[in-house]
Amino acid sequence: MTPATLAAEARKLRFRDPGKARDLTSRLESLCEEVGRERISVMHVCGSHEQSIAKYGLRTILPRRLDVIMGPGCPVCVTDMPEVDEAVLLALDGHLVATYGDMLKVPGTAMSLEEAQARGGAVEVVYSAAQAVELARREPREVVFFASGFETTAVATAAVALADPPANFSILSAHKYIPPVMEIVAEMPHTRVEGFLAAGHAATITGARLFERFVERHGIPVVVAGFEPLDVLAGLTRLVEIIRDGTPCVANMYPRCVTDEGNRNALDQLWRVFRTEGGQWRGIAHVPNGNLRLRDAFAHVDARRRFTIDLERFWQSSPPRLTQLCICGDIMAGLSAPTDCTLFGRECRPEAPVGACMVSSEGTCKIWHQYGGHPDL
Amino acid sequence: MCLGVPGQVVSVDGLTAVVDFFGVRRETRLDVIDEAVAPGDYILNHVGFAIRRIPGGEIAETLALYETLLAEAGSDMMADDVRGEIEAAGARLEPTAPGLGGSLGRGGREAGP
């Protein structure tokens, strides 16, 4: 999309009420003026938010001093290379690895799952955890479900772990938990983030109240918002309003989907199966409590306990690759934009990704590559 | 992905429901939803699991919103994500009424969480 068509898209704003959009943007403009600072930076942590912002060209109609950054909101992108390596090794060792499609191209230390497949490893794409279980019922082999995604998606993995899966089914969890990484970003020495926009449908499960502790600890407001362009605008307006008032709180701007408590049945299953553990998020940092790992009671479905996965041996024979130049980490921390990366659109493209942010449809780089991101109008 | 996809429950059998997503019938799991659902209800599906029952007053608006998204010409990330969510809802059952179903092919999309 060229900047001109993006701008046309923004003017058209295919929501049902352009008048309301205009009202919101002018309200946002005056709120930003009232805040008075040269720059106001807020962060969202959801691939769908970035898709909506980029697709509808929202950055072209936002106040110039308001910077809306995409943080670590792409679970595929923050999957650490050793986690990919574990799946690659299991596939090369003759087990069938079932995983979500956008994990296929994610680079590991030596290779992606797609490359492992080319070398004879068994890898199968599934759309849901339930399909991975069905696969195990049909297969004589061991089926390992390489499970990625934030808490919303981990709920589905928890459900199949609880539903008595067949003995040849196990889970390699790369699930991540969002609230702790928000703390990491808030505590980064160069952080500019003054507020967070939290993802609507994730909060459908976790509930808006989940963020209260974060707000208390860090004094940074959190607004839960939907993914429609109008929802995003309304969320941003409320967020800047809270910043102006200087009284940080949690606000739910998506009450038609999100309650304070969330989905209790789903949360109960999630925490019966998973516990949090510290771990590396690719390119970002070690995130205390950032990984969701299977509890001891679910050792029988935990691939890490069922199989010996010798990463050390694997790494000794694997030269590192172009990924060293990749700045995905800085992009996800909100310190750089995709266009700051020397690889962006050149060595790193959706069909030949170097960094994970170019792999997933939720990755900032892939979204900017498709929609143009932040045109300079 | 965080969008999910709405669909109408056709039938319920234990923890499995047959759900109509814009003319495509698929099986959705009911393990994690926190309310009982019955045929005629609308649910939001995420990676093959119903995560929420959509209240009556919001159904028309929600469907209109997704129909706009799915009517998008060519390849579009958000529309592809919604199609992926429909794929995630288990095995495809017999086709239902014509509608958007015809445009819901996989179209080279890669599934994502």
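For residue A:99, the requirement of being under 22 Å from residue A:366 (Cβ atoms), buried (at least 24 other Cβ atoms within 10 Å of the Cβ) and at pLDDT 95 or above is met. Annotation note: of A:98, A:21, A:54, A:130, the sole residue that is out of contact with any Ser or Thr (no Cβ under 8 Å at 6 or more places or on another chain), away from every other protein chain (no Cβ under 14 Å), outside any loop (DSSP other than H, G, I, E, B) and not hydroxyl-bearing (Ser, Thr, Tyr) is A:21.
Each row is one residue, and each column tells you yes or no for (1) in contact with a Pro (Cβ under 7 Å, 6 or more places away or on another chain); (2) among the hydrophobic types (A, V, I, L, M, F, W, C).
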{"position": "A:224", "(1), (2)": "no, yes"}
{"position": "A:227", "(1), (2)": "no, yes"}
{"position": "A:236", "(1), (2)": "no, yes"}
{"position": "A:240", "(1), (2)": "no, yes"}
{"position": "A:248", "(1), (2)": "yes, no"}
{"position": "A:252", "(1), (2)": "no, no"}
{"position": "A:267", "(1), (2)": "no, yes"}
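Residues in the stretch A:247-270 that are exposed (fewer than 15 other Cβ atoms within 10 Å of the Cβ) and among the hydrophobic types (A, V, I, L, M, F, W, C): A:249 alone.
For the subset of the stretch A:134-155 comprising residues that are surrounded by fewer than 22 Cβ atoms within 10 Å (Cβ to Cβ) and in a helix (DSSP H, G or I), which member is nearest to the other protein chains (Cβ to nearest Cβ)? Across the stretch A:134-155, the extreme among qualifying residues is A:134. The residues listed here are A:247, A:259; of these, the one that is of a type in the set (S, T, N, Q), without any contact (Cβ under 8 Å) to a residue 60 or more places away in the chain and within 14 Å of chain B (Cβ to nearest Cβ) is A:259.
Would you point out the residue of the stretch A:24-49, among those that are within 14 Å of another protein chain (Cβ to nearest Cβ) and assigned to a loop (DSSP other than H, G, I, E, B), that is modelled with the highest pLDDT?
Looking at the filtered set, the residue picked out is A:45.
Of the set (1) more than 13 Å from every other protein chain (Cβ to nearest Cβ); (2) in contact with a strand residue (DSSP E or B) (Cβ under 9 Å, 6 or more places away or on another chain); (3) over 21 Å from residue A:282 (Cβ atoms), all apply to residue A:118 but (2).
Going through the stretch B:71-86 one residue at a time, which ones are small (Gly, Ala, Ser) and either in a loop (DSSP other than H, G, I, E, B) or surrounded by fewer than 22 Cβ atoms within 10 Å (Cβ to Cβ) (or both)?
Hits for the stretch B:71-86 are B:71, B:73, B:74, B:75.
For the stretch B:56-91, what are the residues that are hydroxyl-bearing (Ser, Thr, Tyr) and within 18 Å of residue A:362 (Cα to Cα)? Result: B:75, single match.
Being touching a residue at least 24 places away in the same chain (Cβ under 8 Å) and in contact with a helix residue (DSSP H, G or I) (Cβ under 6 Å, 6 or more places away or on another chain): is that true of residue A:39 here?
Taking the combined requirement at face value, the residue does not satisfy it.
So in the stretch B:35-70, with the set limited to residues that are in contact with a helix residue (DSSP H, G or I) (Cβ under 8 Å, 6 or more places away or on another chain), outside any strand (DSSP E or B) and surrounded by 17 or more Cβ atoms within 10 Å (Cβ to Cβ), which one is farthest from the other protein chains (Cβ to nearest Cβ)?
For the stretch B:35-70, the residue satisfying everything is B:70.
The helices (runs of 4 or more DSSP H) falling completely within the stretch A:273-377 that include 2 or more residues that are surrounded by 14 or more Cβ atoms within 10 Å (Cβ to Cβ) and modelled with pLDDT of 85 or more map to A:303-306, A:328-332, A:364-371. Residues being at negative phi, among the aromatic types (Phe, Trp, Tyr) and surrounded by fewer than 24 Cβ atoms within 10 Å (Cβ to Cβ) are represented in the stretch A:170-184 by at least one member. Answer with yes or no whether residue A:276 is over 16 Å from residue A:196 (Cβ atoms), of a type in the set (Ser, Thr, Tyr) and within 14 Å of chain B (Cβ to nearest Cβ). Here the answer is no, as residue A:276 does not meet what is asked.
The values are calculated or read from the model by the stated rules, or taken from the named source; none is laboratory data. This one's a predicted model, so the numbers in the text were calculated from it and none came from an experiment. In this analysis, Cβ positions are derived from the backbone assuming ideal geometry, glycine residues included, and neighbour counts consider all displayed protein chains.
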